[in-house]
1. Residues in segment 143-175 that are closer than 25 Å to LEU233 by Cβ and either in the same structural domain as ASN59 (by TED's automatic domain parsing) or within 13 Å of the ligand (Cβ to nearest atom) (or both): how many?
2. When ASP37 is evaluated against the numbered criteria (1) farther than 28 Å from THR160 by Cα; (2) more than 10 Å from the ligand (Cβ to nearest atom); (3) in contact (Cβ under 8 Å) with a residue 24 or more places away in the chain, which criterion, by number, is the only one it fails?
3. Restricting to segment 206-221, give me the number of residues that are out of contact with any Pro (no Cβ under 7 Å at 6 or more places or on another chain) and within 14 Å of the ligand (Cβ to nearest atom).
4. Here are some residues: GLU45, GLU35, GLU128, GLU81. Which one is open to solvent by 10 Å² or more (accessible area, probe 1.4 Å) and either assigned by TED's automatic domain parsing to the domain that holds VAL164 or closer than 27 Å to ALA227 by Cα (or both)?
5. How about segment 148-177: which of its residues are closer than 29 Å to ASN59 by Cα and of a type in the set (A, V, I, L, M, F, W, C)?
6. Only residues that are open to solvent by 30 Å² or more (accessible area, probe 1.4 Å), out of contact with any helix residue (DSSP H, G or I) (no Cβ under 7 Å at 6 or more places or on another chain) and not basic (Lys, Arg): list them for segment 60-78, please.
7. Looking at segment 224-235, I want the residues that are more than 18 Å from ASP200 (Cα to Cα) and have a partner that is open to solvent by 30 Å² or more (accessible area, probe 1.4 Å) and among the acidic types (Asp, Glu) with Cβ atoms under 6 Å, at least 6 apart or on another chain. Which pairs are those?
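The values are calculated or read from the model by the stated rules, or taken from the named source; none is laboratory data. Since this is a predicted model, take the numbers as computed values, not measurements. We place every Cβ from the backbone using ideal geometry, glycine too, and count neighbours over all the protein chains shown. Only protein heavy atoms, including side chains, enter the accessible area calculation; ligands, DNA and RNA are left aside. Shrake-Rupley method; radii C 1.70, N 1.55, O 1.52, S 1.80 Å.
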Amino acid sequence: MTNSTKGHIVVFTGAGISAESGIKTFRDSGGLWEEYDIYDVATPEAWRANPDLVTRFYNDRRKQIMGAKPNDGHAALAKLEKEFDVTIITQNIDDLHERAGSSKVLHLHGEIMKSRSTKNNNLVYDIEGWELTADSKCELGSRLRPHIVWFGESVPMMETALEVVRSADCFIIVGTSLEVYPAAGLTTQAPTGCAKYYVDPNAKPISGVHQLEVIPQKAGLALPELADRLIQLGI
Ligand code: NAD
């Protein structure tokens with residue numbers, strides 16, 4: 001997946017990396033999904049039953065994300081690009097990695113700042129501002145939906161993500177409970193010989209994953225230290 005002669009660092013991130021930017025995680029207590037039933041807002045059935053509610057839910061998320069700033073964890077990952085070829089695979093729908101300066105970001109579960117045609121999946125548009133409305137239409141005249149992979153939908157970027165992880169020289173997992181599949185399955189796919197790190201206050205060893213250094217700390221603290229270590233010592 002990479003033509004560079006620099007070492008390839010692959011980073012797999014989840015909601016935890018954006019927690020210190022004030023964006024609620026998924027399953028932590030006080031997390032977003034305690035307030036909403038996912039089946040009411042994040043499934044194809046929810047969209048069919050009540051597109052206005054789903055649109056409003058994501059409008060609120062978008063507004064919040066636009067007001068948030070990348071944190072030290074995002075910044076540390078962007079800094080790694082000075083020395084390494086870095087690919088970020090994120091489960092997050094926010095754009096904080098990009099705003100921190102990371103240039104190769106693969107969004108497994110879609111992007112909140114984009115909308116998509118309900119007639120043709122390939123028609124994807126940037127959303128200007130925070131609001132998608134019932135009148136927002138694609139060029140074919142159909143209503144635009146948030147460009148999000150909902151529960152029960154397939155993950156189109158999964159094959160690409162697998163290839164990227166299999167080409168890693170160093171693999172860093174950050175801020176994810178590893179409970180959402182197929183994304184969580186990526187963790188076992190890095191090459192046997194490559195160094196692996198798992199940064200999360202609740203991180204535990206992952207069965208079947210060897211050479212894994214577990215760093216049970218917040219991303220904003222642990223990632224700047226880890227980035228400095230990798231830049232000084234190499235991967
Ligand atoms: P999750 O909520 O299941 O897990 C979050 C993890 O982050 C937990 O393991 C927690 O210990 C850890 N965490 C909390 N604070 C942290 C910090 N400061 N530093 C490092 N780790 C921290 O989230 P998930 O595993 O990403 O899976 C949930 C799904 O929800 C994903 O598919 C994602 O698309 C979606 N989601 C995205 C966002 C976002 O875009 N920011 C926010 C919420 C949920």
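1. Residues in segment 143-175 being closer than 25 Å to LEU233 by Cβ and either in the same structural domain as ASN59 (by TED's automatic domain parsing) or within 13 Å of the ligand (Cβ to nearest atom) (or both): 4 in total.
2. (3)
3. Taking segment 206-221 and keeping what is out of contact with any Pro (no Cβ under 7 Å at 6 or more places or on another chain), we get 206-211, 213, 215, 219-221.
Among the residues that remain, those that are also within 14 Å of the ligand (Cβ to nearest atom) are: 206, 215, 219-221.
Total satisfying the criteria: 5.
4. After ruling out the rest, the residue left standing is GLU81.
5. Initially, segment 148-177 is screened for residues closer than 29 Å to ASN59 by Cα, giving 148-158, 160-161, 173-177.
Scanning segment 148-177 gives ILE148, VAL149, TRP150, PHE151, VAL155, MET157, MET158, ALA161, ILE173, VAL174.
6. ASP60, GLN64, MET66, GLY67
7. Filtered contacts from segment 224-235: ILE231/GLU83; ILE235/ASP169.
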